[in-house]
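Below is one structure, written out as structure tokens; comments come after it.
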Amino acid sequence: MRNICSMAFVLLLCVISTVQAFTDAEKDILDLQSFELLRNERAVRAEEDGDPGYLERIFSDFNLSVLDKNDLRILRNMIFAQHGYIFKSKDLLDWFSQFDWYEPRYSDVNHMLTNIDTVNINRIKLFESAYRTDASINVTENDIVGIWHASPMVAAGYNELLYFFPDNHFEFAPNQMDWSQRLLGMSGTWTIEHNRLVILIDSKRMLFGGNEIPVCKETVVFQ
């Protein structure tokens, strides 16, 4: 019986090793994606540089939270511009005409949108809608204080957790069930400004290339 149990344990380890294994190329991609996400850079680079190459993956909340209303509008319309949409708004037409890749040819490009395009458009619209004034909404600090979990339930581990303390300190704990992520945790301060949650990240721990590296301070605005 002991030999059978030992053999079963070895087989289990083999299965686990197989499931957890990544090729060097996959690991490089995961490292790059994690690094770009944590630096909030991809959406900013797309909007500032006008590079449609940054539109090839789905934007995260971190990517979009640092953009204001005008930046979000440009980013959303860049998705249409890359397919050759002819803008009726002069400011958008002038903006995208400065880039060599923009070739205005079609009055309707909806049939050209990819699944990623559609997801990004809807996510950007969600952030844009947060800038609309609603006098009936009044968020206070008491509404934020507490523990916020990214899922309504807890499985084998916690999903993303945000701890907002009454002294305006916050802690973030990453998803315990995602072994591919590189974020180990972050902390800082938080405030409410114009019904928006603004967090200042003072400390962030992340893995890049298997090593823990420091990340500069940054401000994130959640709509």
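The values are calculated or read from the model by the stated rules, or taken from the named source; none is laboratory data. Everything numeric in this text was worked out from a predicted model, so none of it was measured. Glycine gets a Cβ as well: all are built from the backbone with ideal geometry, and neighbour counts include every protein chain shown.
Residue-by-condition table, conditions (1) at pLDDT 90 or above; (2) under 30 Å from Lys204 (Cα atoms); (3) assigned by TED's automatic domain parsing to the domain that holds Glu48:
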| site | (1), (2), (3) |
| --- | --- |
| Ala81 | yes, no, yes |
| Tyr106 | yes, no, yes |
| Ile116 | yes, yes, yes |
| Asn120 | yes, yes, yes |
| Ala135 | no, no, no |
| Ala155 | no, yes, no |
| Arg182 | no, yes, no |
Q: Residue by residue through the range 74-123, note down the ones that are basic (Lys, Arg) and either touching a residue at least 60 places away in the same chain (Cβ under 8 Å) or more than 19 Å from Arg45 (Cα to Cα) (or both).
A: Lys88, Lys90, Arg105, Arg123
Q. Among (1) buried (at least 17 other Cβ atoms within 10 Å of the Cβ); (2) closer than 20 Å to Ala130 by Cα; (3) at pLDDT below 95, which single condition is Arg39 missing?
A. (2)
(Q) Please go through the range 136-164 and give me each residue that is surrounded by 14 or more Cβ atoms within 10 Å (Cβ to Cβ) and under 16 Å from Ile192 (Cα atoms), ordered by number. (A) Ile144, Val145, Leu162, Tyr163, Phe164
Q: Count, please, the residues in the range 60-81 that happen to be surrounded by 20 or more Cβ atoms within 10 Å (Cβ to Cβ) and over 14 Å from Glu128 (Cα atoms).
A: 4
